[in-house]
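One structure below.
The values are calculated or read from the model by the stated rules, or taken from the named source; none is laboratory data. Keep in mind that this is a model prediction, so the values were computed, not measured. Cβ atoms come from the backbone with ideal geometry, glycine included; neighbour counts cover every protein chain shown.
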Amino acid sequence: MSAPVWQRRRAAAAQVWREFRGNRGGLVGAGFIALLVVASLAAPLLIDTTGLDVVGASGAALEPPSGQYWLGTDETGRSVALLTFWGARVSLLVASPRPCCRCWSARSWASCRPISAAGCRRC
């Protein structure tokens with residue numbers, strides 16, 4: 001694309017950011033979403049996987065929210081908060097942009113080659 005096109009796009013993006021920055025509720029919402037994304041991505045580092053195991057569940061079935069279980073427990077005694085953060089990683093993977101249309105196969109995303117100028121190549 002030519003230089004004027006990129007200049008218009010940059011100017012439009014700057015205007016959108018200025019307007020968004022003035023919206024306090026939008027900033028709070030964006031911060032909350034960013035916090036959830038970071039917590040979900042850090043889940044393998046923060047969560048002990050034994051709490052996700054049905055056999056090793058430490059809580060009672062269907063406990064209400066408390067200091068120990070922020071969102072309560074499920075029918076097997078596992079923490080709903082832990083399950084939510086662990087499961088959000090899958091949602092983030094599905095929502096992540098793919099470099100190639102054929103990367104939806106069972107092969108890993110990291111093994112995909114980038115799109116060439118001629119179009120999508122097989123992964």
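Remarks
- In summary, W86 fulfils each of the numbered conditions (1) modelled with pLDDT under 95; (2) loosely packed, with under 15 Cβ neighbours inside 10 Å with the single exception of condition (2).
- When we screen P64, P4 for residues that are without any contact (Cβ under 8 Å) to a residue 60 or more places away in the chain, assigned to a helix (DSSP H, G or I) and exposed (fewer than 10 other Cβ atoms within 10 Å of the Cβ), the only hit is P4.
- Residues in segment 43-61 that are under 24 Å from the mean Cα position of the chain (by Cα) and in a loop (DSSP other than H, G, I, E, B): I47, D48, D53.
- Looking only at residues of segment 9-42 that are surrounded by 11 or more Cβ atoms within 10 Å (Cβ to Cβ) and more than 22 Å from V94 (Cα to Cα), we find that the one that is farthest from the chain's Cα centre (by Cα) is R9.
- Residue pairs meeting the criteria (Cβ under 8 Å; at least 6 apart or on separate chains; first farther than 25 Å from T76 by Cα, in segment 23-50; second loosely packed, with under 11 Cβ neighbours inside 10 Å): L27/R21
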